[in-house]
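Please read the structure below before turning to the comments.
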Amino acid sequence: MRIAFIDGGTYYHHATYNDPELKPFFDRNIYVLDLPDADLSEVDCLYIASRQNPADLIAARDRIADFLAEGKTVIALGESHCEQWLKGVEWTPGMTNFWWWLTPGEDSGLRMSTPEHDLFRYISLDDATWHRHGTLIIPEGAVSLIDAVEGGSVLYDDSSSGPGRRIVSTLDPCYHHGSYFMPSTTRFLKGFLPWLKQGAARWSLEPDGTSTQ
């Protein structure tokens, strides 16, 4: 999998991309303002790092759609309002409890919904647990990997909403890893990126709701 890191130009994107343990998983760095006219012929996956200005990605919306139409993969991470630039995404805002673990007995509210998914050979639920920024409506035929107890998904794998593959999340690992706090985000990236680089086997749902690889 040849992966392009879509860089919003912030300190946390710079820190994530240039981390010696993570950089080998990326084949190119593309500044988001250059994305609309970028040559993506030698790229299989756009890794759109978390917490970007959605206006910059709206300007690249057609280029992203064309990339998916070629059967390729887009990773859309949290707090970039991908519902504005990625067709088929529906986001529901919600209260964000940034410090829930400081309250004795508090529950993160996250549940592993498809434990047999190949990604969970690389990460655990704890690695994907810090806080969430709203939830996603799960598209028909998509596979939710992590659900919120109040309903909806915080991470899903979608090869059914059109050509290509969309892996969409409300989680924002690049921001926290690049800001040097929230250790679970570092563990998430150290598992998620090797999984992605090695090909990220496609998953789909059968009519009875079971998932297949």
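Points to keep in mind about this one:
- Scoring GLY191 on the criteria (1) in contact with a Ser or Thr (Cβ under 9 Å, 6 or more places away or on another chain); (2) modelled with pLDDT under 90; (3) surrounded by fewer than 20 Cβ atoms within 10 Å (Cβ to Cβ) leaves a single failure, condition (2).
- Residue under evaluation LEU196, criteria (1) in a helix (DSSP H, G or I); (2) under 26 Å from ASP107 (Cα atoms), criterion not met: (2)
- Scanning region 136-180 for residues that are among the β-branched types (Val, Ile, Thr) and more than 15 Å from CYS82 (Cβ to Cβ) returns VAL143, ILE146, VAL149.
- Here the condition is being within 28 Å of ASP66 (Cβ to Cβ) and either basic (Lys, Arg) or without any contact (Cβ under 8 Å) to a residue 12 or more places away in the chain (or both); of ARG166, ARG111, it holds for ARG166 alone.
- Those strands (runs of 3 or more DSSP E) of region 17-107 in which 3 or more residues are surrounded by 18 or more Cβ atoms within 10 Å (Cβ to Cβ) and among the β-branched types (Val, Ile, Thr) occupy 73-76.
- Looking only at residues in region 195-213 that are surrounded by fewer than 16 Cβ atoms within 10 Å (Cβ to Cβ) and not polar (S, T, N, Q), the one that is modelled with the lowest pLDDT is PRO207.
- Taken over region 129-163, the residue count meeting the criterion of being touching a Lys or Arg at 6+ places or on another chain (Cβ under 9 Å) and either within 19 Å of VAL89 (Cβ to Cβ) or part of a helix (DSSP H, G or I) (or both) is 13.
- Counting only residues that are surrounded by 23 or more Cβ atoms within 10 Å (Cβ to Cβ), under 19 Å from LYS190 (Cα atoms) and touching a residue at least 60 places away in the same chain (Cβ under 8 Å), region 120-153 holds 1 of them.
The values are calculated or read from the model by the stated rules, or taken from the named source; none is laboratory data. What you see is a predicted model, and the numbers here were worked out from it, not measured in a lab. Cβ: placed from backbone, ideal geometry, glycine included. Neighbour counts: every protein chain shown.
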